[in-house]
Amino acid sequence: MKKSTAGHIRLGVLLFALINQGLVLAGYSPLPFSDQEVELFLSTVFTAVSSMVAWWYNNPVTKQGKAKEGE
């Protein structure tokens, strides 16, 4: 990815977050999610990421890891 493209993406995400925060401060809820839905999503993401990290570190998938396994 080119540096300018990544910069544009970061700027877009920042602008989205600032607009969202301004709407929340003004009393509007621009994102149609309940607290329970957010909690469920974050819990699912945490479980998926921790599962992938555990799998990655317990299974040698890189050349370096496979070389260490053969020692």
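The values are calculated or read from the model by the stated rules, or taken from the named source; none is laboratory data. A quick note: this is a predicted structure, and the numbers were derived from the prediction, not measured. Cβ: placed from backbone, ideal geometry, glycine included. Neighbour counts: every protein chain shown.
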Requested in this report: Scan segment 9-24 and report the pairs whose first residue is among the aliphatic types (A, V, I, L, M) and whose second residue is surrounded by 10 or more Cβ atoms within 10 Å (Cβ to Cβ) and part of a helix (DSSP H, G or I), with Cβ atoms within less than 8 Å and a gap of 6+ or a chain change.
Outcome: none
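For (1) modelled with pLDDT of 90 or more; (2) not in a helix (DSSP H, G or I), each residue gets a yes or a no:
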site: 11; (1), (2): yes, no
site: 14; (1), (2): yes, no
site: 19; (1), (2): yes, no
site: 27; (1), (2): no, yes
site: 31; (1), (2): no, yes
site: 38; (1), (2): no, no
site: 44; (1), (2): yes, no
site: 50; (1), (2): yes, no
site: 56; (1), (2): no, no
